[in-house]
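Visitor: Below you'll find the structure I mean.
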Amino acid sequence: MTVLTLNDVSLAYGHRSLMDHVDLRVAAGERICLVGRNGVGKSTLFRLVSGSIQPDDGEIWRKDSLHISYLEQEVPAATSDTIFEVVALGLGDLGRLLTDYHNVSHHVGESDSVSLDTLSSLQQRIDATGGWNINQKVETVLSRLSLPADKRIADCSGGIRRQVMLAQALVSDPDLLLLDEPTNHMDITAINWLEGFLASFQGALMFITHDRTLLKHLATRIIELDRGKLASFPGDYVHYQRKKDELLEIETRANAKFDKTLVAHEAWIRQGIKARRTRNEGRVKTLEAMRRARSQRQVMPGRVSLDVDSSDLSGKRVADLHHVSFRYGDHLVIRDLSTRIMRKDRVGIIGPNGCGKSTLLRLILGEITPDSGRIAMGSRLQIAYFDQQRIRLDANQTVRENVSEGSDHIFVRGRSRRRHIGIARGTIDRFRWHPAVGQPRSDIS
Ligand SMILES: Nc1ncnc2c1ncn2[C@@H]1O[C@H](COP(=O)(O)OP(=O)(O)OP(=O)(O)O)[C@@H](O)[C@H]1O
Ligand SMILES: [Mg+2]
C-alpha cells in the first residue's frame, strides 16, 4: 500500500535546482535509505516529505491521516525544558497534559492540597482522553533509551540531546518515520539499540546516513539524489554500488559523445562565408539546442583536496594534565586524570554519550577550569577546535566570513593571503545561511 508519493516535484534555491522533476513512491513497511553528497539536498527532500516546506512545482500526496515523525539532522539547542517535556511534545496536546501531570505528581507531598487538586483534575482529563497508555509510551521510550526524564536539555550532552529528539520522533508510533543521520553523535550502545529497533519497526522508514553498517543492515531500497535527479535502486547496498558504477559509466560515455558532436557543430558554424552560404537552418537550430543542453548539464562537483596546516613548530609538549578532576554539581565527570599529549599524537576520545568527552576538550582548551589538579599547555600552540554544536559558526555570516573570521586575509602555511584564494567564488552562495532552515548548516564544515 502506498503511503506517500512525489509527482514531478521541483525545488530550487536561487539558481540551484535541488529537485528537478522528481518522482517517488513510498510503500508501507519499506525501509528506504536516501544517499547523496553533502549539500545535494537530502535534508531538503525530507522537509518536503514532512510538509515543513512546499515544492516550487509538482505534487506531494500523503495517505489520509498519515502520521509522519521527523528527526532532524542537527543537535537541538540548549533549552530549560526537561527530557520528559521534549519527548511528550511528540504527542501534541495530550503530551502537554501528560507533562503537567508528570511535573505536578513530583511535587505532591512537598506542598499543599493545591497540587493534589490539580493532580486529580489532570487525572480526570487524561482519563477522558484515554491518555494513560500514551503516558506509558513516553515512560517506555525513555527507559528503552535510558534517558533521565527530569534532566534539563541544557544540561545534556550533544549525543543525549539527539537521543531525546529520537525518542520524541518514536513516541507517537508514526506511520512514516524520517531520520536524518540518526547515528550522528550517538554512542555505540544507542546505535545498536536503534538498529535493532528500526529492523522491527512496522511503519515505513526513510533515513539518511553516512554510516554504511546501518545502511547495509536496514535498507530494503536505496534512493540517490544526484544533481537534482532521484534514482531508485531496489535491493541492498552491494547491488546499489554495482548498478551505480554502470550508470556513471553510461553517463560519461554519452556526455563524451555529445561533446564531440557539439565541437564538430561549433567548428562548422565558424567556417565563415562559405559555410554560411550553404548552411541550413536545421543544423543551426540543432546547434543552438545542443548549446542549451550543454549549459544545463549538471556536472559532477569536483573533489576538494584538504590540507591540514600545522602551525610553526613549538616545543614537543602540547598538554600535560596533572590529577585533573571536574564535576558538574555533584556529578563527577573526570576523576584524577593525568596524561600527556605530545606533538604528532592523534588521540581519539571514546566513551558513552554524556560521559564527558567534550568536557575534557573544553578543559584542555581552557574554556572551563578543573576543580582540582592542573593543566599545563605547551608554548606557542595554535589550536583549532571544531565543536560538536558548531556554536563557533556565526549563522548570519557567509562561509567566507566564517573561515576568515572577518579578516581580509587568511593564513596558509604561515603566509598571509587575500582571503578569496582559499575558497572558490561560485560556492559561497550555496552555503549562505537562510533563516528558514533554522539551524546552522553542517555542510559549512
Ligand atoms: N532554506 C534554504 N535557503 C537557501 N538555500 C538552502 C536552504 N536550505 C538548504 N539550502 C541549500 O540547499 C542545498 C542542499 O541543502 P541540504 O541541507 O538539503 O543538503 P544535504 O544533502 O542534506 O547535505 P548534508 O549531507 O550536508 O546534510 C545546500 O547547498 C544548502 O545550502
Ligand atoms: Mg542534510
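Visitor: For region 1-77, state which trypsin sites (Lys or Arg not before Pro) are in a DSSP loop and have at most 12 other beta carbons lying within 10 Å of their beta carbon.
Guide: When the trypsin sites (Lys or Arg not before Pro) of region 1-77 are filtered for loop state and at most 12 Cβ neighbours within 10 Å, nothing remains.
Visitor: Okay, moving on. Need the list of lysines near Lys137 for cross-linking: C-alpha distance under 20 angstrom, and skip anything on the same chain fewer than eight residues off.
Guide: Partners found: Lys151.
Visitor: Which whole-Hz couplings ³J(HN,Hα) result when phi for each residue of region 360-368 is put into the Karplus expression 6.51 cos²θ - 1.76 cosθ + 1.60, θ = phi - 60°, listed in order with x for Gly and Pro?
Guide: Running phi through 6.51 cos²θ - 1.76 cosθ + 1.60 with θ = phi - 60° gives 4, 5, 5, 5, 5, 6, x, 6, 10 Hz.
Visitor: Straight distance only, please: which aspartates and glutamates reach the Cα of Lys316 with their own Cα at less than 17 Å, same-chain residues fewer than 8 apart left out?
Guide: Within reach: Asp345.
Visitor: Determine the distance separating the Cα centre of region 370-391 from the Cα centre of region 28-88; give it in Å without decimals.
Guide: 36
Visitor: What distance in nm separates the two pseudo spin-label positions at Ala264 and Leu247, each 7 Å out from Cα along the beta-carbon direction?
Guide: In this crude spin-label approximation the distance works out to 2.9 nm.
Visitor: Sticking with this structure for a sec: Hey, what do the phi angles of region 194-204 turn into as Karplus ³J(HN,Hα) couplings, whole Hz, using 6.51/-1.76/1.60 and θ = phi - 60°, x for Gly and Pro?
Guide: Coupling constants for region 194-204: 4, 4, x, 4, 5, 4, 10, 5, 7, x, 7 Hz.
Visitor: Still on this model: Using 20 Å as the Cα-Cα cut-off, could you pick out the over-long pairs in Lys260/Lys285; Lys63/Lys243; Lys42/Lys229; Lys42/Lys244?
Guide: Check vs 20 Å cut-off fails for Lys63/Lys243.
Visitor: Suppose the chain between Ala27 and Lys216 were pulled fully straight at 0.36 nm per residue; how much longer would it get relative to their current alpha carbon spacing?
Guide: Between Ala27 and Lys216, full extension yields an extra 66.1 nm.
Any read-out appearing in this document is the output of simple, stated calculations on the displayed coordinates, not a laboratory observation. The structure presented is a predicted model; accordingly, all values stated were derived computationally and were not measured. Backbone-built Cβ (ideal geometry, glycine too); neighbour counts: all protein chains shown.
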